[in-house]
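In what follows, a single structure is set out as C-alpha cells and then discussed.
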Amino acid sequence: MEMTIAQALNKLKLIDKKITKKTRVDFVGVKLGGKIREAFDAVQASADLESVNALITQRSDIKNKINTSNGITEVVIDSKRMTVSEAIAKKDEIAYKEALLSRMKSNFSNATSTIDYNNSEIQERLDVQLQKIDGVSEKEQFSKIFMKSNASEMVDPIGIVAYIKTLDEEVMNFTDEVDYILSTSNATNTITVD
C-alpha cells in the first residue's frame with residue numbers, strides 16, 4: 001500500500017499506541033489449586049504476544065522506509081540544499097543554538113546592566129571628588145585618572161553583538177522555513193508499506 005510520509009508518521013503514532021496497550025497485558029498467569037486466578041486467558045496471552053510482535057515488525061518496517069525516503073529526498077531551507085534527514089538533524093542543532101543564543105543575550109544584557117549601574121555609581125563618586133578640586137585642567141586630569149582606575153567596561157573576546165546578530169539570523173531563517181518545508185515534503189513524498 002502506498003502512503004505519504006505524513007500518513008506513515010500518523011500510522012506510526014497509532015501503532016505506538018497499540019504497542020503500548022498490548023504490552024500492558026499479562027502474558028503469564030497464576031494457577032491456584034487447579035484454577036487460574038484473576039481471569040487470565042492463556043489463549044489471549046498468546047494472541048497478544050503474536051499481535052505485539054507483528055506491530056513491532058510493522059513499525060520497524062514503516063520507520064525504516066521513512067528513514068530511507070528522508071535520506072534521499074532533498075529540500076531547500078534558507079537557500080541551502082539538504083536531505084530531509086539532514087534538515088531533521090539541523091532542527092536538533094538549531095535547538096542547541098537557540099539555547100546558546102538565549103544565554104548570550106542574557107549574559108550580554110546582564111553585563112551591560114552591571115556596567116551601567118557601576119559606572120553610574122562611579123560618576124556620582126567622581127562628581128563628589130570634583131567638587132573638592134579647583135581648576136578646569138586639574139578636574140579633567142583627575143577625571144581621566146579616576147575613570148581609568150574605576151570605570152567598568154565589557155570584556156568581549158568574541159564580539160558578542162555581531163555573533164548574536166549572526167546566530168539570531170541563522171536560527172530565525174531556518175526555523176521560519178523548516179516546518180513548512182518538511183510538512184510539504186511529508187505530504188507529497190510517498191512510501192510503499194506492506
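The values are calculated or read from the model by the stated rules, or taken from the named source; none is laboratory data. Given the structure is predicted, the values throughout are model-derived calculations rather than measurements. As a convention, Cβ positions derive from the backbone with ideal geometry for all residues, glycine included, and neighbour counts pool all protein chains shown.
Contact list please: Cβ distance under 8 Å, first residue in the stretch 41-66 and farther than 13 Å from A8 by Cβ, second residue of a type in the set (K, R) and in a helix (DSSP H, G or I), pairs at least six apart or on different chains.
So the pair list comes out as D48/K22; S51/K22; V52/K22; L55/K18; L55/K22.
Among the listed residues E177, E121, E153, identify the single one that is in contact (Cβ under 8 Å) with a residue 12 or more places away in the chain, assigned to a helix (DSSP H, G or I) and of a type in the set (D, E).
Of E177, E121, E153, the one residue that is in contact (Cβ under 8 Å) with a residue 12 or more places away in the chain, assigned to a helix (DSSP H, G or I) and of a type in the set (D, E) is E177.
For the structure I just gave you, tell me whether F146 is within 30 Å of I77 (Cβ to Cβ) and either of a type in the set (F, W, Y) or not in a helix (DSSP H, G or I) (or both).
Details: within 30 Å of I77 (Cβ to Cβ): no; either of a type in the set (F, W, Y) or not in a helix (DSSP H, G or I) (or both): yes.
No, not satisfied.
Of everything in the stretch 81-135, what is over 15 Å from the mean Cα position of the chain (by Cα), surrounded by 14 or more Cβ atoms within 10 Å (Cβ to Cβ) and of a type in the set (K, R)? Give them in sequence order.
K105
With respect to I158, determine if the residue is under 30 Å from K97 (Cα atoms) and in contact with a helix residue (DSSP H, G or I) (Cβ under 8 Å, 6 or more places away or on another chain).
Numbers: under 30 Å from K97 (Cα atoms): yes; in contact with a helix residue (DSSP H, G or I) (Cβ under 8 Å, 6 or more places away or on another chain): no.
When the stated conditions are applied, I158 does not pass them.
Have a look at S79, S85, S69 and point out the one that is under 30 Å from T175 (Cα atoms) and at pLDDT below 95. Steps first, please.
Values: S85 fails: at pLDDT below 95; S69 fails: at pLDDT below 95.
Testing whether each residue is under 30 Å from T175 (Cα atoms) and at pLDDT below 95 leaves just S79.
Hey, among D127, D116, D92, which residue is free of Cβ contacts under 8 Å to residues at least 24 places away in the same chain, within 30 Å of T192 (Cα to Cα), part of a helix (DSSP H, G or I) and of a type in the set (D, E)? It would help to see each step written out before you state the result.
Details: D127 fails: within 30 Å of T192 (Cα to Cα); D116 fails: within 30 Å of T192 (Cα to Cα).
The unique qualifying residue is D92.
Which of the residues belonging to the stretch 15-35 are surrounded by fewer than 12 Cβ atoms within 10 Å (Cβ to Cβ) and part of a helix (DSSP H, G or I)? I'd like the intermediate steps shown before the answer.
Step one: of the stretch 15-35, the residues surrounded by fewer than 12 Cβ atoms within 10 Å (Cβ to Cβ) are 17, 20, 24, 28, 30-35.
The answer is K17, T20.
Please determine whether any residue of the stretch 67-74 is buried (at least 17 other Cβ atoms within 10 Å of the Cβ) and charged (D, E, K, R).
no
If you check Y163 against the conditions, is it surrounded by 15 or more Cβ atoms within 10 Å (Cβ to Cβ) and either under 33 Å from the mean Cα position of the chain (by Cα) or assigned to a helix (DSSP H, G or I) (or both)? First the steps, then the outcome.
Values: surrounded by 15 or more Cβ atoms within 10 Å (Cβ to Cβ): yes; either under 33 Å from the mean Cα position of the chain (by Cα) or assigned to a helix (DSSP H, G or I) (or both): yes.
Here the answer is yes, as Y163 does meet what is asked.
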